[in-house]
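Presented below is the structure to which this report refers.
The values are calculated or read from the model by the stated rules, or taken from the named source; none is laboratory data. Owing to the predicted nature of the structure, the values given are computational and were not obtained by experimental measurement. Cβ coordinates were reconstructed from backbone atoms using ideal geometry, including for glycine residues, and neighbour counts include every protein chain displayed. Side chains included, ligands, DNA and RNA excluded: accessible areas come from the protein's heavy atoms. Shrake-Rupley method; radii C 1.70, N 1.55, O 1.52, S 1.80 Å.
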Amino acid sequence: MRALLYTRTGPATEVLHLADRPLPRPGPGAVRVRVAASGVNPHDTKSRSGWSGREVPPGGVIPHSDGAGVIDAVGTGVESARIGERVFVLGAPHGAGTAADHVVVPSLQAPPLPPTFSMAEGACIGVPAYTAWLAVLADGPVAGQLVVVQGGGGAVGRIAVELARLSGATVLATGRSEQSRAVAAARGAHHVLPAGDATALRDMVARLGDGRGAARIVEVDFAANRALDAALLAPHGTLAAYSCSSDRTPPLDYYAFARKAARLSFVQGNDLTPAELAGATACLTRHFAAGQLRPDIAATHPLDRAARAHEAVERGAPANIVVTID
């Protein structure tokens with residue numbers, strides 16, 4: 001099969017190339033998906049560039065954890081009726097990702113693709129939607145709570161905003177650009193503020209949170225906002241961070257959080273427990289069926305131009321970037 005590959009870290013145009021790889025076979029409990037579209041997430045570019053410090057295994061890395069396609073083979077323990085099913089893929093293994101003609105994943109990591117979704121949209125479900133679910137709902141209901149979403153116009157943030165609004169929370173979102181703030185508002189944020197306006201954010205949280213603060217903060221950059229988040233949290237509140245792009249190893253003011261008995265939750269949308277996976281899939285599927293949480297796509301690129309897709313993500317694309325596989 002054709003596969004996108006890198007055998008060392010570095011700039012996309014220098015290290016990404018097409019290669020022939022053996023066709024994988026699904027083992028027990030697994031399915032093989034003929035991939036039609038592969039989603040590119042920031043963690044994919046961080047691994048490929050070397051930013052995350054992750055070593056390249058022998059034989060190289062086929063990148064991307066998200067995708068969509070059609071099941072064409074199943075392993076033992078999986079019903080043969082799944083062959084021919086349109087699915088989206090989440091959490092493809094590191095090193096054997098979706099940027100290839102085929103990918104093998106556990107059956108539960110290939111849920112049915114909503115019938116109204118295109119393959120390109122399906123490739124954008126995995127990390128953004130499951131990260132948003134983990135950050136907003138993994139700990140329980142948020143109805144009646146104040147939820148702050150830092151970066152509410154991003155690929156994860158816009159889903160978190162909509163999911164929190166649909167779940168009965170009062171949602172306050174931030175965005176760096178006017179476009180990002182407009183997206184957060186369109187997705188249902190009750191209030192939207194510029195990301196850098198700490199004074200306005202403190203005042204708004206104090207007013208909406210009855211002087212206590214926010215019950216939950218969904219954080220796009222823990223390093224950049226940790227001090228402000230500690231001030232915004234209500235006692236016993238939760239800070240759910242899914243990225244830390246400005247600094248991999250930020251110092252932590254322990255007592256700023258400890259004095260509030262706060263909970264720090266570091267979530268990864270491609271690494272869920274079986275219970276989380278089942279809960280998230282059930283919740284998200286209900287919303288998809290209702291026409292909600294639909295992914296936004298900024299651009300698509302063919303497999304032989306995948307370096308352009310990585311560069312678009314690194315520049316801060318306004319929505320999801322997809323690699324199409326013919």
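So which of 72, 44 ends up being touching a Ser or Thr at 6+ places or on another chain (Cβ under 9 Å), within 27 Å of residue 117 (Cβ to Cβ) and modelled with pLDDT of 95 or more?
On the way: 72 fails: touching a Ser or Thr at 6+ places or on another chain (Cβ under 9 Å).
Within the list 72, 44, the selection yields 44.
Say we look at the range 302-326 and pick out the residues that are in contact with a helix residue (DSSP H, G or I) (Cβ under 6 Å, 6 or more places away or on another chain) and assigned to a strand (DSSP E or B); which of these is surrounded by the fewest Cβ atoms within 10 Å (Cβ to Cβ)?
Taking the candidates together, the pick is 320.
Without any contact (Cβ under 8 Å) to a residue 24 or more places away in the chain, among the aliphatic types (A, V, I, L, M) and not in a helix (DSSP H, G or I): which single residue out of 261, 299 fits that description? Working first, answer last.
Details: 261 fails: without any contact (Cβ under 8 Å) to a residue 24 or more places away in the chain.
Testing whether each residue is without any contact (Cβ under 8 Å) to a residue 24 or more places away in the chain, among the aliphatic types (A, V, I, L, M) and not in a helix (DSSP H, G or I) leaves just 299.
Rundown of residues vs (1) touching a Lys or Arg at 6+ places or on another chain (Cβ under 6 Å); (2) open to solvent by less than 10 Å² (accessible area, probe 1.4 Å); (3) basic (Lys, Arg); (4) in a loop (DSSP other than H, G, I, E, B), yes/no style:
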residue: 185; (1), (2), (3), (4): no, no, no, no
residue: 189; (1), (2), (3), (4): no, no, no, yes
residue: 192; (1), (2), (3), (4): yes, no, no, no
residue: 196; (1), (2), (3), (4): no, no, no, yes
residue: 211; (1), (2), (3), (4): no, no, no, yes
residue: 217; (1), (2), (3), (4): no, yes, no, no
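Mind telling me which of the residues 253, 203, 197, 221 ends up being of a type in the set (Asp, Glu) and within 21 Å of the chain's Cα centre (by Cα)?
Details: 253 fails: within 21 Å of the chain's Cα centre (by Cα); 203 fails: within 21 Å of the chain's Cα centre (by Cα); 197 fails: within 21 Å of the chain's Cα centre (by Cα).
After ruling out the rest, the residue left standing is 221.
Tell me which residues, restricted to the range 225-252, are small (Gly, Ala, Ser), over 15 Å from residue 267 (Cα atoms) and surrounded by fewer than 18 Cβ atoms within 10 Å (Cβ to Cβ).
First pass over the range 225-252, keeping only residues small (Gly, Ala, Ser): 227, 230-231, 234, 237, 240-241, 243, 245-246.
Those left that are additionally over 15 Å from residue 267 (Cα atoms): 227, 230-231, 234, 237, 246.
227, 231, 246 - these are the residues of the range 225-252 that are small (Gly, Ala, Ser), over 15 Å from residue 267 (Cα atoms) and surrounded by fewer than 18 Cβ atoms within 10 Å (Cβ to Cβ).
For every residue, the table says whether it meets (1) basic (Lys, Arg); (2) in contact with a Lys or Arg (Cβ under 9 Å, 6 or more places away or on another chain); (3) on the phi > 0 side of the Ramachandran plot; (4) surrounded by fewer than 21 Cβ atoms within 10 Å (Cβ to Cβ).
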position	(1), (2), (3), (4)
68	no, yes, no, no
72	no, yes, no, yes
75	no, yes, no, yes
81	no, no, no, yes
85	no, no, no, yes
91	no, no, yes, no
98	no, no, no, no
111	no, no, no, no
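Among the listed residues 201, 293, identify the single one that is more than 17 Å from residue 135 (Cβ to Cβ), surrounded by 18 or more Cβ atoms within 10 Å (Cβ to Cβ) and at pLDDT 95 or above. Please lay out each step first, then the result.
On the way: 293 fails: more than 17 Å from residue 135 (Cβ to Cβ).
Only one candidate qualifies: 201.
So in the range 256-277, with the set limited to residues that are aliphatic (A, V, I, L, M) and closer than 29 Å to residue 65 by Cα, which one is nearest to the chain's Cα centre (by Cα)?
Of everything passing the filter in the range 256-277, 267 is nearest to the chain's Cα centre (by Cα).
Each row is one residue, and each column tells you yes or no for (1) crowded, with 16+ Cβ neighbours inside 10 Å; (2) among the acidic types (Asp, Glu); (3) within 16 Å of residue 105 (Cβ to Cβ).
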{"site": "6", "(1), (2), (3)": "yes, no, no"}
{"site": "9", "(1), (2), (3)": "yes, no, no"}
{"site": "37", "(1), (2), (3)": "yes, no, yes"}
{"site": "43", "(1), (2), (3)": "yes, no, no"}
{"site": "51", "(1), (2), (3)": "no, no, no"}
{"site": "59", "(1), (2), (3)": "no, no, no"}
{"site": "62", "(1), (2), (3)": "yes, no, yes"}
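Which residue pairs have Cβ atoms under 7 Å apart, sit 6 or more places apart or on different chains, and have a first residue in the range 13-26 that is free of Cβ contacts under 8 Å to residues at least 40 places away in the same chain and a second that is open to solvent by 40 Å² or more (accessible area, probe 1.4 Å) and charged (D, E, K, R)?
Matching pairs, first to second residue: 15/8; 20/2.
For the range 302-326, which residues satisfy the criterion of being under 17 Å from residue 89 (Cα atoms) and either under 14 Å from the mean Cα position of the chain (by Cα) or free of Cβ contacts under 8 Å to residues at least 24 places away in the same chain (or both)?
Within the range 302-326, 320, 321, 322 meet the criteria.
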